[in-house]
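Working notes for the structure below.
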Amino acid sequence: MSDIKLFNEWDVSGISVTDQGLVSYITLRPVIVPKTGARYAGNRFHKSRTSIVERLINKMMVAGHRAKKHKYSSGHITGQAERTYLIVYTAFKILEEKTKKNPVAVFVQAVENAAPREEIINIEYGGARYPKAVECAPQRRIDIVLRQMAQSAYQRSVNKKVSAAQSLANEILNAYECKQDSQAIQKKLDLERTADSSR
């Protein structure tokens, strides 16, 4: 298994997850083509056994909505696996050129950096709603990061001169360096700041 490389280029055997809360939820199983065809979709916690890179590809295919509106979808979010596969692959090549490091390791560290630890829920007492800070589940932490990365990549590339792959690479790199230029880092800080104020 050690000779299998992701995209047939990058070795994932030496990559480790430092955030103990996410160790069981970030899978770095070596696969050449990260595409299972959702064969695990009927099983509980199937996402945890899916490669984290495949989860990014799936999220790039269907990036979700912001404020119940699919704002940025023109020409990119088509549900076509091959197109999204090429976007992620090109983004990883750009990351490798910029950082001179394994792009999968950079991506995993970016996910760990941008994963929020707390979020807000609304509880109701006597007809009035109050915000309450709660811990964010590990699976949801990853889901939020991947959604923010995908939406940021499309938001900053639609009707712009920057390609979706370049925009995704910039988002991952900014999250890796913990810069607030990253939308995922901004979302994390906003969530944790709001949770802290409502505790």
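The values are calculated or read from the model by the stated rules, or taken from the named source; none is laboratory data. On a predicted model such as this, the values are computed, not experimentally measured, just so you know. All Cβ positions, glycine included, derive from the backbone under ideal geometry; neighbour counts span all protein chains shown.
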Condition first: surrounded by fewer than 19 Cβ atoms within 10 Å (Cβ to Cβ), free of Cβ contacts under 8 Å to residues at least 12 places away in the same chain and not in a loop (DSSP other than H, G, I, E, B). Can you find one or more residues in the stretch 75-91 that meet it?
yes
Regarding the stretch 146-169, can at least one residue be identified that is farther than 15 Å from Gly64 by Cβ, of a type in the set (Val, Ile, Thr) and in a helix (DSSP H, G or I)?
no
Selected residue (only one of Tyr89, Tyr85, Tyr72 is modelled with pLDDT under 85 and under 25 Å from Asn174 (Cα atoms))
Tyr72
Is it fair to say Arg156 is more than 17 Å from the chain's Cα centre (by Cα), at pLDDT below 90 and either of a type in the set (Lys, Arg) or surrounded by 22 or more Cβ atoms within 10 Å (Cβ to Cβ) (or both)?
no
Restricting attention to the stretch 59-69, does a residue exist that is more than 18 Å from Tyr89 (Cβ to Cβ), at pLDDT 80 or above and not in a loop (DSSP other than H, G, I, E, B)?
no
Of the residues in the stretch 135-153, how many are hydrophobic (A, V, I, L, M, F, W, C) and surrounded by fewer than 14 Cβ atoms within 10 Å (Cβ to Cβ)?
1
Can you tell me which residues in the stretch 1-52 are of a type in the set (Lys, Arg) and not in a helix (DSSP H, G or I)?
Lys5, Arg29, Lys35, Arg39, Arg44
Would a scan of the stretch 172-179 turn up a residue that is more than 16 Å from Glu112 (Cβ to Cβ) and surrounded by fewer than 22 Cβ atoms within 10 Å (Cβ to Cβ)?
no
Lys161 passes all but one of the listed conditions (1) within 16 Å of Ile94 (Cβ to Cβ); (2) surrounded by 12 or more Cβ atoms within 10 Å (Cβ to Cβ); the exception is number (2)
